Amino acid sequence: MTANSSAAAATFAAPPVDQRRAAVALIALSVSAFTFVTAENLPGGLLTLIAPDLGRSTSEVGLLVSAYAAVVVLASLPLSRLTRRFPRRWVLAATTAVCTVGTLWSAVAIGYGDLMAARMVTALGQALFWSVVTPAAASLFAPAVRGKMIARLAIGNSLAPLLGVPLGTFVGQQAGWRTAFLVFSAVSLLACLAMAIAMPDVDAEQSGTARGTHPSMRRFVVLMVVTVLLVTGGFMMITFVTQFLLETAGFPDRYLSALLLGQGAAGLTGTLLIGQVLDRRPWQTVLVALGLLTAALVLLWGLGHVPAIALVGLALFGLAFSAIPPALSFLSMQVAPGATESATAISSSVFNIGIGGGAALGALVVATVGVGTVPLVGAFFVLAGLVVVAVDVRLATRRAGLPHADL
């Protein structure tokens, strides 16, 4: 990073584009995030509908999600580098168009192999989308509010499990699983058109978002370690939350939808709250969120057999976990040792590694000692991430000679 680009990033204060247009573009980006996250997880909600229709087992249908995540892990960084010379407006519109085509293809797939191919194409779009969307969204706004805007972008992520997957499951139950994919293909098309029209062309160098504002290879590695630890621990619980609620907390299955809706609502609240503090104290925000997430998991392990306590633990878990991804995205842009898009591509890959690792490790724990132990093992991973961040913040404080609040 040159001295000139550092100065530009530090002194740039005015919004680079008309803020009404930027707000519309941000909504379009958030809707695209909503459709991608929904598309990724929709086969899980439609599992029992897709499997008999295609003559496959539920485990084979589950591979549609696992293979999707694997493509995102492998393709994020290469695609980011291949497209770095193209305007972000058109790259993002193209990724959303790929989502539109991929979900439409899924709706008309003639067999399991055809559906798997459609999923792989959609995953390629998502891999590139997550690599470029955070820097592109940040470039639309002044540096003083970029953390808040990244948190608003993440509202789409939070709404996907809260509304997207349940809505897709409902549509699938009423009109067939293919109709569910058709619906989200239409939503993705609308987001694509809105993005192509409203997304302004902003020069990343001039906006100060091309490279990290405080580049540090050490702190970037710290963020990646923390990401894989907390996502692994968190997704151990997310993957087996319904089984935990039924077998450990003892809730009847008729309450599951309401319980998961409550968890999603808490997650949306966490996303909104973090935007209010992220620009001022990003590292401390991560520390607090990790502390709350650890506490939630320990509470679920120790007292999760009490339904009322399980409700509190579930809500606290949703609140804390949803607050962390936007904070990590914001910090990745700050400490990126090179191009921010490469940093966010690596972050996206690491996040998906954590998802797969958490699901696999959770399955191992359930098979060996039971679902009641899943929160405890998850808590150890999240606590390890908390320790890593705490040590890094303390080290950075000593080096800079600053109070914690100034980091």
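By the gyration tensor of its Cα atoms, with a ≥ b ≥ c the square roots of the eigenvalues, what is the shape of the chain: rounded for a/c under 1.5, prolate for a/b over b/c, or oblate? Oblate.
Each Lys and Arg contributes +1 and each Asp and Glu -1, all at the Cβ; summed about the Cα centre of the chain, the dipole is approximately 840 debye. How would the stretch 3-207 be classified by its alpha-carbon gyration tensor: rounded, prolate or oblate, with rounded meaning a/c under 1.5 and the a/b versus b/c comparison settling the rest? It is prolate, given that a/c is not under 1.5 and a/b is the larger ratio. Compared with the direct C-alpha span, the chain from Val225 to Glu247 gains 4.7 nm at full extension, assuming 0.36 nm per residue. Taking the Cα centre of the stretch 263-407 as reference, the dipole from Cβ charges on Lys and Arg (+1) and Asp and Glu (-1) amounts to some 260 debye.
When every alpha-carbon pair in the stretch 254-407 is counted, what percent end up more than 26 Å apart? It works out to 31 percent of all Cα pairs. Looking at Ile50, Ala118, Thr294, which one has the Cα that reaches farthest to the positive end of the dipole of the chain (charges on Cβ: Lys, Arg +1; Asp, Glu -1)? Result: Thr294, furthest along the dipole toward the positive end. An oblate overall shape is assigned to the stretch 115-267, the ratio a/c of its alpha-carbon gyration tensor axes (a ≥ b ≥ c) being 1.5 or greater and a/b not exceeding b/c. Placing +1 on each Lys and Arg Cβ and -1 on each Asp and Glu Cβ, with no other charges, gives the stretch 3-207 a dipole about its Cα centre of roughly 340 debye. Only Cα pairs under 8 Å and 6+ residues apart enter the sum, and on that basis the relative contact order of the chain stands at 25 percent. Dividing the helix sum by the residues of the chain, where each DSSP H run of 4 or more adds -39500 (n - 2.57), gives a mean residue ellipticity at 222 nm of -27000 deg cm²/dmol.
Computed log10 I(q)/I(0) for the stretch 284-374 at 0.12, 0.14, 0.18, 0.26 Å⁻¹: -0.49, -0.64, -0.92, -1.24, from the Debye equation with unit scatterers placed on every C-alpha and solvent omitted.
Here, each number is a calculation from the coordinates, and none is a lab measurement. Remember, it's a predicted structure, so these values are computed and weren't measured experimentally. Positions of Cβ are generated from backbone atoms using ideal geometry, with glycine treated the same way; all protein chains shown enter the neighbour counts.
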